[in-house]
Amino acid sequence: MRSQVVIIGAGPAGLLLGHVLHRAGIGFTILEARSREYVLGRVRAGVLEQGSVDALAELGLDADLRERGLTHHGIHLQFEGGRHLVDFVELVGRTVTIYGQQALVRHLLAEHDRLGSDIRFEVADVTPTGLEGSSPSVSFTDAGATTSIDAEVIVGADGFHGVCRPAIPGIRAFERSFPFGWLGILADVPPSTDDLIYALHPDGFAMHSMRSLEVSRLYLQVRHDESIDDWSDARIWDALQTRLGVDGWTLHEGAVLEKSITPMRSFVASTMAHGRLLLVGDAAHIVPPTGAKGLNSAIADVVLLGRALIAALQLGDERGLLAYSDAALARQWKVQQFSEWMTDLLHVHEGADAAARAFSYRSQVGRLEYVTGSRAARQSLAEQYAGLPFTTE
Ligand code: FAD
Ligand code: DHB
């Protein structure tokens, strides 16, 4: 079998790249290890930058987003019992859109169904080979039968635990892991706030987000090794009430529809390209979720790679492909430092002892007072949260 591009992974990055290629008339096959139901069931990110919204609109993939997305003008930073609005519109003239990754994946997949795209779910033993030559291929097992597809280019959109990054010889990693994670819940209750709340509290970070005007999404900082079984719904709501509470405001509780714990990690691969294999999204980089950048970075990579692939496969111009890794990594390192900064700013750090912990906490309050009190600092946060340009053109 032949396909111009084989995309490994049907997460948001792989599914979106399929649409970019379809629009350009480039043939592709998507190989996904999990079932369609599993892919549709994953609850993850929730915030889209303006650049992500624009990219979806340009591809005509924004119908559901327009209907269900919630435009937000800023975020609240909360500490020491006070809540402070960082108003993106006033500071940088931009907004963000709350639209769940789950809804995005559902829409991208529905559109692929409409187009009759070649997406194979539940394939196993996916192995990219011949990456250094001009005709790479991917072998895999589909319904028990081993088969392979020859391609011009292979794209690794297979997330952090995928097979593509490890297939690059000599690849190195830059990483930092955090001793805490996020416990996230989806709750059947209208949001108690208009804008997202990011809160530093002596017990740990908490956040109030949402998925719609009926469903709330909330997060708590927990130790990285905690089990979700130790967190009853009542304990979760108690912790949220304590950490998010301010005078004169009520956090409304509701049935917990889903709950899970996500570890936090910063990770960047030393390269995003090797011969005819190119990486996009979590396959190449991971951020802690505090800056809401994981999904947006995946979309930014796809926009950049999409252009490079169209130039290479339709015009024979390989310059974009050759420049892709450096360009994507340059943007990604700016995103990394912002995500790390937001994470350090808002989480309680263990420190060597009680004195170190107390210093760290007081210093974070100082930083938050500086950020909320300085227009220049707020503007810097707003510029990065609302999203850096996707390309430098
Ligand atoms: P993925 O969404 O991981 O998709 C990769 C796909 O490849 C998956 O469908 C996987 O099944 C498939 N795959 C893997 N291995 C193979 C293989 N060998 N063969 C074929 N297919 C394979 N970001 C935020 O900004 N905010 C959040 O709150 C947030 N929460 C998150 C919670 C969790 C549990 C995780 C893991 C991530 C979260 N993220 C969050 C990050 C965000 O969801 C990711 O950045 C985003 O999903 C990246 O998309 P992707 O398509 O690159 O990778
Ligand atoms: C959501 C996730 C994030 O990581 C974030 O910073 C803001 C919101 C969310 O899931 O809604």
Going through the stretch 88-142 one residue at a time, which ones are of a type in the set (G, A, S), within 30 Å of T372 (Cβ to Cβ) and either touching a strand residue (DSSP E or B) at 6+ places or on another chain (Cβ under 7 Å) or surrounded by 14 or more Cβ atoms within 10 Å (Cβ to Cβ) (or both)? G100
Candidate set: the stretch 259-274, residues that are exposed (fewer than 15 other Cβ atoms within 10 Å of the Cβ) and modelled with pLDDT of 95 or more; chosen: the one nearest to T290 (Cα to Cα): S260
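Residue by residue, here is whether (1) over 29 Å from E258 (Cα atoms); (2) at pLDDT below 95; (3) away from ligand 1 (no atom under 14 Å from the Cβ); (4) acidic (D, E) holds:
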residue	(1), (2), (3), (4)
L109	no, no, no, no
T127	yes, no, no, no
S137	yes, no, yes, no
A145	yes, no, yes, no
Considering each residue of the stretch 33-58, count those that are out of contact with any helix residue (DSSP H, G or I) (no Cβ under 8 Å at 6 or more places or on another chain), farther than 22 Å from V303 by Cβ and surrounded by 14 or more Cβ atoms within 10 Å (Cβ to Cβ), and give that number. 2
Within the stretch 173-219, how many residues turn out to be out of contact with any Leu (no Cβ under 8 Å at 6 or more places or on another chain), buried (at least 20 other Cβ atoms within 10 Å of the Cβ) and closer than 21 Å to G100 by Cα? 2
Taking the options L85, L21, L61, name whichever one is part of a helix (DSSP H, G or I) and either surrounded by 15 or more Cβ atoms within 10 Å (Cβ to Cβ) or modelled with pLDDT of 95 or more (or both). L21
Taking the options E258, E226, E214, name whichever one is more than 20 Å from E80 (Cα to Cα) and assigned to a strand (DSSP E or B). E258
Among the candidates L305, L345, single out the residue that is within 16 Å of ligand 1 (Cβ to nearest atom) and either in a helix (DSSP H, G or I) or at negative phi (or both). L305
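The values are calculated or read from the model by the stated rules, or taken from the named source; none is laboratory data. Only a predicted model underlies this, so the values are computations on that prediction, with no experimental measurement involved. Quick reminder, even Gly has a Cβ in these numbers, built from the backbone with ideal geometry, and neighbours come from all protein chains shown.
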